[in-house]
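The values are calculated or read from the model by the stated rules, or taken from the named source; none is laboratory data. Worth saying up front: this structure is predicted, and the values here are computed from it rather than measured. We place every Cβ from the backbone using ideal geometry, glycine too, and count neighbours over all the protein chains shown.
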Amino acid sequence: MQHVTPRVHSTLPQELYVYAAAGLHLRFNVRLCVGEADMPGIRQLVQSLSLGDVLLTDAQQYVNARRDDVRDTISLPSCCNVVFGFVSLRVTKVL
């Protein structure tokens, strides 16, 4: 990994990190949350976010309610058995 320092007059607020293609894991899985066993990974993922407690509450409610997979789902992308994302989808009907 190589850190690229922004130019002094740059208007971009982000910094750039360049990775060699060989260092990236190209295979990752996206799977549904299977229950309480996934909560530690979700907890670790959202703990530093400003609304992490809200996401954690939503995930716990999903696990407790065992919602229908077609209407309400939580998907977890992972690579090398490490969860690196959290997607909560709720399908609603507009009447």
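Residues in region 39-55 that are assigned to a helix (DSSP H, G or I) and either touching a residue at least 12 places away in the same chain (Cβ under 8 Å) or more than 14 Å from N81 (Cα to Cα) (or both): M39, G41, I42, R43, Q44, L45, V46, G52, D53, V54, L55.
Kindly evaluate A37 against the criterion of being loosely packed, with under 11 Cβ neighbours inside 10 Å, at pLDDT below 75 and not basic (K, R). Answer is no for this residue.
Taking the residues in region 71-95 that are closer than 11 Å to L32 by Cβ and in contact with a helix residue (DSSP H, G or I) (Cβ under 7 Å, 6 or more places away or on another chain) as candidates, determine which candidate is modelled with the lowest pLDDT. Ranking the candidates gives D72 first.
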